[in-house]
Amino acid sequence: MSRLALIFFMSIRGEGVAPWELSLQYGQVVLENKAGATVKNSLVAEPATRDKEGDAVRFTWNKKKVLTEWGSQNEAVSTVTVINKAGAIDLSDVKNQVALVVDLRVLKRPKDHVTLSLESNWDWESRASIALKNVLRKLPKKQWVSLPLPLQCFKDGDIDFTRLTSMMLLHTDGNLELEISGARLAVFPPEQVTCN
């Protein structure tokens, strides 16, 4: 289990740690100095402060109608992504023993559906998600928390834990404002897991 610290610590002080990249819109908007925005400012990133200036990133989702070329809502423009620029990692041996832990602070609670997804094989059809709307609404407002999301709860899709390529796809089509200072894998006792 000690090898986890070596294979996965994707962001510290609001920045991606190689080979992980923190971006918007599936890597199409790379953050510069922790700042960036998607079309119509549907999703805006800017530096924030947890312990010292610039050690976190504030993400603001603004409910905008942005359509794909096929006329449906373009979910990509309202997605924060942490992707593996070097390929994929295999977490199949530890998926029932670890959680993705996100250090965050909710500034504006969501009223619409929010999901956090994992993706494998660089394939949008190979994802699994957790609904976060109710979780984020229950968190203390404007307080930093470490939110554990056990990997075994990502069950609702066709995910290949032997080839994980994206460890965080955070999306809402509604309004939401939160700050993230870090995300990592941590040991999480299976007996404590509740996937609600």
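For the reader, a short list of remarks on this structure follows.
- GNM flexibility winner over the chain from PRO47, PRO140, PRO110 (Cα, springs under 10 Å): PRO140
- Dipole of the chain, positive end: most advanced residue of SER146, ASN84, TRP122 [Cβ charges, Cα centre]: SER146
- Charged neighbours of PRO110, selected by a Cβ distance under 11 Å, balance to +3 (K, R count +1; D, E count -1).
- Normalised Debye scattering of the stretch 90-196 at q = 0.22 Å⁻¹ gives log10 I(q)/I(0) of -1.27, counting only Cα atoms as equal scatterers and leaving out solvent.
- Nearby aspartates and glutamates by direct alpha-carbon distance to LYS63 (threshold 13 angstrom, same-chain neighbours under 8 apart not counted): GLU75, ASP112, ASP173, GLU177
- Point-charge dipole on Cβ atoms (K/R +1, D/E -1) for the chain, about Cα centre, debye to 20: 840 debye
- Estimated purely from DSSP H runs of n ≥ 4, each contributing -39500 (n - 2.57), the mean residue ellipticity at 222 nm for the chain is -1000 deg cm²/dmol once divided by its residues.
- Normalised convex hull volume, the chain, alpha-carbon set, Å³ per residue: 117 Å³
- Candidate lysines - alpha carbon under 20 Å from LYS138, same-chain residues fewer than 8 apart omitted: LYS108, LYS111
- Total formal charge among the other residues, if their Cβ is under 10 angstrom from that of ASN62, Lys/Arg +1 and Asp/Glu -1: +2
- Gaussian network model of the chain, Cα within-10 Å springs - most flexible of LYS95, LYS155, LYS133: LYS155
None of the figures in this text is laboratory data; all of them are computed from the coordinates on show. Just so it is clear, the model here is predicted, and its values are computed rather than measured. Counting neighbours? That spans all protein chains shown, and the Cβs are built from the backbone with ideal geometry, glycine included.
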